[in-house]
Amino acid sequence: MIDLLKAILLLGGALLMLLAAVGIVRLPDLLTRMHATTKAASLGVNLTMLAVALHFSDVGVVARALAIILFVLTTAPIAAHVMGRAGYFVGTRLWSGTVKDELRPNYDPLTHELKSGQEPRQNVERPGRDEAPE
Amino acid sequence: MEYVIIMAQSIMGLALLLAFVRVVRGPSLPDRAVALELFSTIVMGLVGVQAIASGVASFLDVAIVIALMGFLASIGFARFLERGGLRDD
């Protein structure tokens, strides 16, 4: 019974990693590639570590496996967020079928200034951004 | 159980090959950085399978260290890109 559960967890984790790798090869865009890898691969690691915890069934090993799972679940979104932000700043091209880029009309990539889109008119069109404010 | 371990290892090896394809072909540096992050994740899974296959629980420490290094490497790549390092796209 435990062996069957371990086999299911191991193969499920490996197949999720294969799914992430297929996604990173096939998808057309940086952001869609990150969407494929960061979720599927971290879930694959979690399933594999659950299989390890079931196999050893020792307090120290189970605690370490759960610590790995917690660490991966904590750091994978942070790394994905930071990489996506850096990719947008660098100016990677989005996929040609992208429907909406809400950041483009409101964001100035040179000064890293983000507008809300609801400013009064004179604030938007103020000339001379480099001058010191009075 | 041996067949399961061999199958899991071969599937993860195939996943490593596909990620390597993206590292070689990736049009820009962020794509390659994402593929390297996927590398570290798959290698963590391989280390877990190896811990089951050999029965040595100390391999989990290796997995912890690989997770730390992968996270710090992706943060470092992102800082490097934002500060304006050299790019080839």
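The values are calculated or read from the model by the stated rules, or taken from the named source; none is laboratory data. Bear in mind the structure is a predicted one, so any value in this text is a computation, not a measurement. Glycine gets a Cβ as well: all are built from the backbone with ideal geometry, and neighbour counts include every protein chain shown. We work out accessible area using only protein heavy atoms, side chains counted, and drop any ligands, DNA or RNA first. Shrake-Rupley method; radii C 1.70, N 1.55, O 1.52, S 1.80 Å.
Structural descriptor for chain A: relative contact order 22 percent, calculated from alpha carbon pairs under 8 angstrom and at least 6 residues apart. Cα centroids of segment B:50-69 and segment A:1-28: 18 Å apart. Heavy-atom surface analysis with a 1.4 Å probe gives chain B a carbon and sulfur content of 70 percent of its accessible area. Residue-wise HN-Hα couplings along segment A:52-61, as the Karplus relation 6.51 cos²θ - 1.76 cosθ + 1.60 with θ = phi - 60° gives them from phi, are 5, 5, 5, 5, 7, 6, 10, 4, x, 5 Hz; Gly and Pro carry x. Per-residue ellipticity at 222 nm, computed for chain A from helices alone with -39500 (n - 2.57) per DSSP H run of at least four residues, works out to -23000 deg cm²/dmol. Normalised size of chain B, defined as Cα radius of gyration per 2.2 N^0.38 Å with N residues, equals 1.28. Cross-link reach is defined here as a Cα-Cα straight distance under 26 Å, omitting same-chain residues fewer than 8 places apart; for A:K39 the lysines meeting it are A:K6, A:K100. Ordering of B:4-15, A:107-118 by packing is B:4-15, A:107-118, highest average first (other Cβ atoms within 10 Å, averaged per residue). Computed over chain B, relative contact order equals 30 percent, with contacts defined as Cα pairs under 8 Å that lie 6+ residues apart.
Heavy atoms of chains A and B lose about 3900 Å² of accessible surface on contact, summed over both sides with a 1.4 Å probe. Taken residue by residue and averaged, Cβ atoms of other chains lying within 10 Å of the Cβ of A:75-82 number 5. Considering only A:L27, A:G87, A:N106, whose Cα is most displaced toward the positive end of the charge dipole of segment A:11-113, charges sitting on Cβ of Lys, Arg (+1) and Asp, Glu (-1)? Selected residue: A:L27.
Site pair A:S57 and B:L68 shows an inter-label distance of 3.1 nm when each label is modelled 7 Å from Cα along Cα→Cβ.
How much net charge surrounds A:Y107 when only other residues with a Cβ under 13 Å from its Cβ are counted (Lys, Arg +1; Asp, Glu -1)? With Lys, Arg at +1 and Asp, Glu at -1, the neighbours total -1.
The accessible-area loss of segment A:8-25 on complex formation, taken against its chain alone with a 1.4 Å probe, reaches 40 Å² or more at A:L10, A:L11, A:A14, A:M17, A:L18, A:A21, A:I24, A:V25.
Here the protein assembly as shown is treated as a sphere whose radius is the Kirkwood value from Cα pairs; by Stokes-Einstein at 4 °C and 1.567 mPa s it diffuses with a coefficient of 68 µm²/s. For chain A, the fraction of 1.4 Å probe accessible surface lying on carbon and sulfur atoms is 61 percent.
With a probe of 1.4 Å, find how much accessible area chain B has per residue, and write the answer as a whole number in Å².
Ligands and nucleic acids excluded, the result is 50 Å² per residue.
Shielding by partners for peptide A:92-105, expressed as the average number of C-beta atoms from other protein chains within 10 Å of each residue's C-beta, is 1. The label point for A:V99 and the one for B:F80, both projected 7 Å from the Cα toward the Cβ, are 3.6 nm apart.
Taken about its Cα centre, chain B carries a charge dipole of roughly 220 debye when the Cβ of each Lys and Arg holds +1 and the Cβ of each Asp and Glu holds -1.
Applying 1/(1 + (r/R0)^6) with R0 = 35 Å to the Cβ-Cβ distance of B:F20 and A:E113 gives a FRET efficiency near 0.35.
Could you run the Karplus curve 6.51 cos²θ - 1.76 cosθ + 1.60 with θ = phi - 60° over segment B:2-13 and give me ³J(HN,Hα) per residue in whole Hz, x for Gly and Pro? Ordered by residue, 3J(HN,Hα) equals 5, 5, 4, 5, 5, 5, 5, 5, 5, 5, 5, x Hz.
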